[in-house]
Structure formats: C-alpha cells, structure tokens
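Only one structure is covered here, and it is reproduced in the block below.
Read-outs throughout are calculated quantities, based only on the coordinates presented, and are distinct from any laboratory measurement. Everything numeric in this text was worked out from a predicted model, so none of it was measured. Virtual Cβ from ideal backbone geometry, glycine too; neighbours counted across all protein chains shown.
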Amino acid sequence: MSDFDLEALREQAARGDTDAVGQLIELAAEREDFEELRRLADGGSRDAADQLVELAAEKSDLDELRRLAANGNSDAADVLAELTDEEPDDE
C-alpha cells in the first residue's frame, strides 16, 4: 500500500468509517506498527487496543503493557501479570 493510499485510509477512518479503521488495524498489526495501533486505540478503537495488547505480548514489550495497564486496560494488566508472575492491581 502506498503512502497516499494509507493516508486516504486514515482520512476515511477519521471520518468514522469503521471498515477503514479495521483495515488500518490489520495493516498495523501486519507491520507491527505500535504507533498506528496506539493512535487508533487512543481514538477509541477497542479492536486496536486488543491488537496492541496482543502484539505487545508477542514481543514481550513489558513497557507497552505497563503503559496500557496504567491507562486502565485490564487485558494488558492480566498479560503483564502472566509475563512477570505478578498479581494485577485491582484499581
């Protein structure tokens, strides 16, 4: 996908096109693009947040899992606890 096509897809997603959001999530996951997934998750996409947790777990990216957990993502907290043998915080 060209940069132009990717930018057009981002514009569609920003206008609320859920199919475009889904395509961006899929592409970001394939490219292991944490930044794109973060942007989408921060924009409210639960699917992007789920994919970000999954990718962070696959990469054993404890810093990313901690960031997500600190922002209230219980799935990230659970995965972090599994990877570090810690109990998740009950906040």
Practice problem: Name the single residue, out of those in the range 1-42 being closer than 28 Å to Asp63 by Cα, in a helix (DSSP H, G or I) and acidic (Asp, Glu), that is farthest from the chain's Cα centre (by Cα). | Solution: Glu30
Practice problem: Take Ala49 and decide whether it is small (Gly, Ala, Ser), crowded, with 19+ Cβ neighbours inside 10 Å and under 22 Å from Ala14 (Cα atoms). | Solution: yes
